[in-house]
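Before any comments, here is the structure.
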Amino acid sequence: MRRVWNKITEFYRRGDLLLLFLCVVATIFGIVIVASATRYSGSYRFLVVQSAALVLGVCLYVAVSLLDIEILAEHREMLLAFNVLFMSTLLIWGVEGNTGNRAWLDLPLLPVNIQPAEICKITFVIALAKTMSNHRSKISSVKSVAPIVIQTVVMMGLIVVISRDAGSAVVFLFIFLVVAYVGGVRSWWFVAALVVALAVFPILWQHFIRADQKERILMFFDETIDPDGTGVRWDTNRSVAMLSGGGISGQGLFHGTMLQNHAIAAQHTDFIFSAIGEELGILGCLFTLLLLVAIVVRCVHVGLKTPNYMNRLICIGIAAMLIFQIVSNVGMCIGVSPVIGLTLPFISYGGSSIVTLFLAMGIVSGIHMRPDPDSRSPYIQPRY
């Protein structure tokens, strides 16, 4: 018992309490919005799941903060194998969501579904950073770039083929690009990747992108697609209408006209930013964005402050994950980007998402606790 108390004391003295505070505030704010967005159902299940995820998430935050991430990173082969096996479980226990993605695990012994891609993002970032750390002396060589490209392609391929969740696959791609650039990979590699992407895009578009996903993209360029707004444009139009109806200060919590009439099926997940806009107005949206930006900035700050190359990349990779999801979700809600089913971090409903986010933030906190010097990597982007 004394050992546990000593560990808690160590966390209190050295852990990143500011980051924990920001995450808890964001999650509690999200619980309130979820309560309003799901009031129509008359069920408290959403609140129970989200609150339980918050409690579990805080416990994991503390526990992971006390763990030296280097110990886990040393077993990157096991992390990669875990990602492959965990994603493959969707072939057996996977269930489809409202968007047609087979992205959720329905395990008999668990009361809630789990989204494997959410957890695999964290292990992917750690394995990616460790691989780059092992090759950082010649980070732009073919032998260095090939392993991280293969890791990324394998994960994206598994997600697209097994779960058909293109949105999650793009998150992995964005993490890879940001971490590779910050890690010092030469710019010409990115130019070569762009050329290859343009070459294979027609094949991907033809064989791996569903018809409904194509329509979500093409509707921004072709006005003849769903001109009446009763099909693929429905959710986007309703989302924009909810945001417009909120004005500066909103219609009041639990009093949104469209929200309380269940205007959008995913108003507590994908379109929760629109729910905030209608009931709390522009001011509520700004508060949400400032809170999330503060979390991202804190992750980047910890990454920039640590002299350890691998730890720096882990913090940047986690920040990249948050940035992409925030930008994609907000863009989707205001009608400037396709609906790809990405939730708003810490705010949207989702137990596995909340737990995974606190797990990721715990890793950042652990790095904050251990600013180990690494004289071989004094810069964010190593000199060539």
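The values are calculated or read from the model by the stated rules, or taken from the named source; none is laboratory data. Given the structure is predicted, the values throughout are model-derived calculations rather than measurements. FYI the Cβ positions are ideal-geometry reconstructions off the backbone, even for glycines, and counts take in every protein chain you see.
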| said: Among the residues that make up region 242-257, is at least one of them without any contact (Cβ under 8 Å) to a residue 24 or more places away in the chain, surrounded by 17 or more Cβ atoms within 10 Å (Cβ to Cβ) and more than 24 Å from the chain's Cα centre (by Cα)? | reply: no
| message | One residue is enough: does region 189-207 have a residue meeting the conditions farther than 30 Å from Ile314 by Cα and among the aromatic types (Phe, Trp, Tyr)? | response | yes
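Conditions tested, residue by residue: (1) buried (at least 16 other Cβ atoms within 10 Å of the Cβ); (2) more than 22 Å from Arg136 (Cα to Cα); (3) over 15 Å from the mean Cα position of the chain (by Cα).
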| residue | (1), (2), (3) |
| --- | --- |
| Thr152 | yes, no, yes |
| Leu158 | yes, yes, yes |
| Val161 | no, yes, yes |
| Arg164 | yes, yes, yes |
| Phe176 | yes, no, no |
| Arg186 | no, no, yes |
| Ala193 | yes, no, yes |
| Ala199 | no, yes, yes |
| Leu204 | no, yes, yes |
| remark: Subset of region 112-139, residues among the charged types (D, E, K, R) and surrounded by fewer than 20 Cβ atoms within 10 Å (Cβ to Cβ), comes to Arg136, Lys138
| said: I'd like the full set of residues that are among the β-branched types (Val, Ile, Thr), surrounded by fewer than 22 Cβ atoms within 10 Å (Cβ to Cβ) and not in a loop (DSSP other than H, G, I, E, B), limited to region 307-354. | reply: Ile323, Val327, Val330
| said: Tally up the residues in region 116-157 that are within 21 Å of Leu72 (Cβ to Cβ) and not basic (Lys, Arg), please. | reply: 25
| If Gly277 passes every condition in (1) of a type outside the set (Val, Ile, Thr); (2) in a loop (DSSP other than H, G, I, E, B); (3) touching a helix residue (DSSP H, G or I) at 6+ places or on another chain (Cβ under 7 Å) but one, which one does it miss? | (2)
| task | Inspect region 36-52 for any residue being over 30 Å from Leu280 (Cβ atoms) and assigned to a helix (DSSP H, G or I) and give the result as yes or no. | result | no
| query | Mind checking whether some residue in region 139-149 is of a type outside the set (Phe, Trp, Tyr), in contact (Cβ under 8 Å) with a residue 60 or more places away in the chain and in contact with a helix residue (DSSP H, G or I) (Cβ under 7 Å, 6 or more places away or on another chain)? | reply | yes
| Is it true that Phe11 is of a type outside the set (Asp, Glu), in contact (Cβ under 8 Å) with a residue 40 or more places away in the chain, in contact with a Ser or Thr (Cβ under 6 Å, 6 or more places away or on another chain) and part of a helix (DSSP H, G or I)? | yes
| task | Scan region 191-236 for residues that are of a type in the set (Asp, Glu) and without any contact (Cβ under 8 Å) to a residue 40 or more places away in the chain and jot them down. | result | Glu215, Asp222, Glu223, Asp226, Asp228
| field | Contacts under 7 angstrom Cβ, first residue in region 57-86 being farther than 17 Å from Arg312 by Cα, partner in a helix (DSSP H, G or I) and of a type in the set (D, E, K, R), 6 or more apart | value | Leu66/Lys7; Leu66/Glu10
| task | Under 6 Å between Cβ atoms, at least 6 apart or on separate chains: pull out the pairs that start in region 102-116 with a residue that is under 14 Å from Thr356 (Cα atoms) and end on any residue that is at pLDDT below 80 and among the aliphatic types (A, V, I, L, M). | result | Gln115/Ala103
| request: Please state which one of Asp165, Asp222 is under 30 Å from Met310 (Cβ atoms) and among the charged types (D, E, K, R). | output: Asp165
| Which one is surrounded by the most Cβ atoms within 10 Å (Cβ to Cβ) among residues in region 74-111 that are β-branched (Val, Ile, Thr) and within 20 Å of Phe172 (Cα to Cα)? | Thr99
| note | Screening Ile33, Ile71, Ile28 for residues that are under 21 Å from Ser353 (Cβ atoms) and surrounded by fewer than 17 Cβ atoms within 10 Å (Cβ to Cβ) leaves only Ile28
| message | Residues that are among the aromatic types (Phe, Trp, Tyr) and surrounded by fewer than 14 Cβ atoms within 10 Å (Cβ to Cβ): does region 12-19 have at least one? | response | yes
